[in-house]
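Here's the structure, in structure tokens; my notes come after.
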């Protein structure tokens, strides 16, 4: 290890952050050797499994390479790998609950909607100079936004929620700005911020969304933007409650210059109501704000489309920059989405009920075994654990692949994310029993003699 740099941290995510910062700053040069796993564990006073988890994440993210007896070394040209692309090697006989995908059984058929869109294109071809958004789609989105108390605003169409968030951030912020994000939170957003030259500050999340004291702390530290998931939060299943939303709005009223981004990607799959953070009584709380709604969870991940509304200046900037690059999202896709959105074949209540039934059943089954789990909406369940590496390995040996929580975290405690979309109700008792057994084994292995 470099004489100039000492790795720090008590949790795997903290160790990863320490090494990545050192590599970026040049304190750990290409080819630098990292300490042997057990040596670093002893130096930091942590379980060796914690260091093993950190080294695994660093390897998967392209920061280091491991070579058996040659040890672990910083790669000559560290290549950043998006966290969501890091996948477990899932045996063919294991049930994969790590993927974060919707149930294919709950996705609507696209055939009729695409036929309709193709026929519209034949009748009314889209040529250069056309407006960037389809009128029917904008009208549908506008009506839903207004029904949920979102202030009237312009509409933009982007290639999914992440594209919308990226465009809003680039429209309003500058490299070096501090952005408050949920912790644990969406891996794609956690990767996007440093790619844009922005700095993230984590805000702890509970069942009702971002904790009030953490938001106040982040804003006091200089955060100029706050990104919040309205419901079906990934990975915890949190949903912004009415009381929490009201508390946060009062905090934001005192900081009208803060950019508020609400990601309501779960609007069509969540079984809880929407509570606005950016507005009250149909009036914006801050000067610059956006609400984003994606269709990928309801219509399929390949339906890369989201609609956003917000203050006029921000939406104008987004559309102006979009015009200089991609231009617009395909009208064929926009028209197909509008057809699905307006179709009686898409039963949102039934879909939300499908996910909600499995999510609640798993949480209750885990509780029967003394395991606390979280998830108020969507199709993910979050289980806090003392050490996720043995838990992930132990469940994989029992036939269950789950997502390690460290990939979703900046500094929060470790956990497991389980996606229930492919889980049968009859499988839940067995899964809950296996989780409890693995966690009991983990605790007994780490308890002092």
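The values are calculated or read from the model by the stated rules, or taken from the named source; none is laboratory data. Every value quoted in this text rests on a predicted model; they were computed, and no experiment measured them. Cβ: placed from backbone, ideal geometry, glycine included. Neighbour counts: every protein chain shown.
Laid out as a table, the results:
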| read-out | value |
| --- | --- |
| Selected residue (criterion: surrounded by the fewest Cβ atoms within 10 Å (Cβ to Cβ)) from residues of the stretch 39-56 that are under 30 Å from the mean Cα position of the chain (by Cα) and not in a helix (DSSP H, G or I) | 47 |
| Residue in the stretch 335-352 that is in the same structural domain as residue 134 (by TED's automatic domain parsing), in contact with a strand residue (DSSP E or B) (Cβ under 8 Å, 6 or more places away or on another chain) and either surrounded by 24 or more Cβ atoms within 10 Å (Cβ to Cβ) or free of Cβ contacts under 8 Å to residues at least 40 places away in the same chain (or both) present | no |
| Output for the stretch 201-219, where each listed residue is touching a strand residue (DSSP E or B) at 6+ places or on another chain (Cβ under 9 Å) and either in a loop (DSSP other than H, G, I, E, B) or under 16 Å from residue 234 (Cα atoms) (or both) | 202, 203, 204, 205, 206, 207, 209, 210, 211 |
| Identity of the residue in the stretch 287-307, closer than 20 Å to residue 257 by Cα and crowded, with 21+ Cβ neighbours inside 10 Å, that ends up nearest to the chain's Cα centre (by Cα) | 292 |
| Number of the exception - residue 278 against (1) modelled with pLDDT of 95 or more; (2) within 17 Å of residue 210 (Cα to Cα) | (1) |
| Selection count, the stretch 218-230, where residues are over 11 Å from the mean Cα position of the chain (by Cα) and over 19 Å from residue 170 (Cβ atoms) | 6 |
| Given (1) farther than 23 Å from residue 264 by Cβ; (2) in contact (Cβ under 8 Å) with a residue 12 or more places away in the chain; (3) not in a loop (DSSP other than H, G, I, E, B), number of the condition residue 393 does not satisfy | (2) |
| Residue match in the stretch 381-391 (condition: closer than 18 Å to residue 231 by Cβ and surrounded by 20 or more Cβ atoms within 10 Å (Cβ to Cβ)) | yes |
| Helices (runs of 4 or more DSSP H) contained in the stretch 230-327 and holding at least 1 residues in contact with a strand residue (DSSP E or B) (Cβ under 7 Å, 6 or more places away or on another chain) | 242-253, 312-324 |
| Test for residue 166: is it surrounded by fewer than 17 Cβ atoms within 10 Å (Cβ to Cβ) and either in contact with a strand residue (DSSP E or B) (Cβ under 9 Å, 6 or more places away or on another chain) or free of Cβ contacts under 8 Å to residues at least 12 places away in the same chain (or both) | no |
| Filtered residue count, the stretch 318-334, keeping only those that are under 20 Å from residue 287 (Cα atoms) and crowded, with 19+ Cβ neighbours inside 10 Å | 2 |
| Out of 167, 174, sole residue that is within 25 Å of the chain's Cα centre (by Cα) and not in a helix (DSSP H, G or I) | 174 |
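Each row is one residue, and each column tells you yes or no for (1) within 23 Å of residue 327 (Cα to Cα); (2) buried (at least 22 other Cβ atoms within 10 Å of the Cβ); (3) at pLDDT 95 or above; (4) not assigned by TED's automatic domain parsing to the domain that holds residue 278.
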{"position": "119", "(1), (2), (3), (4)": "yes, no, yes, no"}
{"position": "130", "(1), (2), (3), (4)": "yes, no, no, no"}
{"position": "170", "(1), (2), (3), (4)": "yes, no, yes, no"}
{"position": "176", "(1), (2), (3), (4)": "no, no, no, no"}
{"position": "179", "(1), (2), (3), (4)": "no, yes, yes, no"}
{"position": "196", "(1), (2), (3), (4)": "yes, no, no, no"}
{"position": "202", "(1), (2), (3), (4)": "no, no, no, no"}
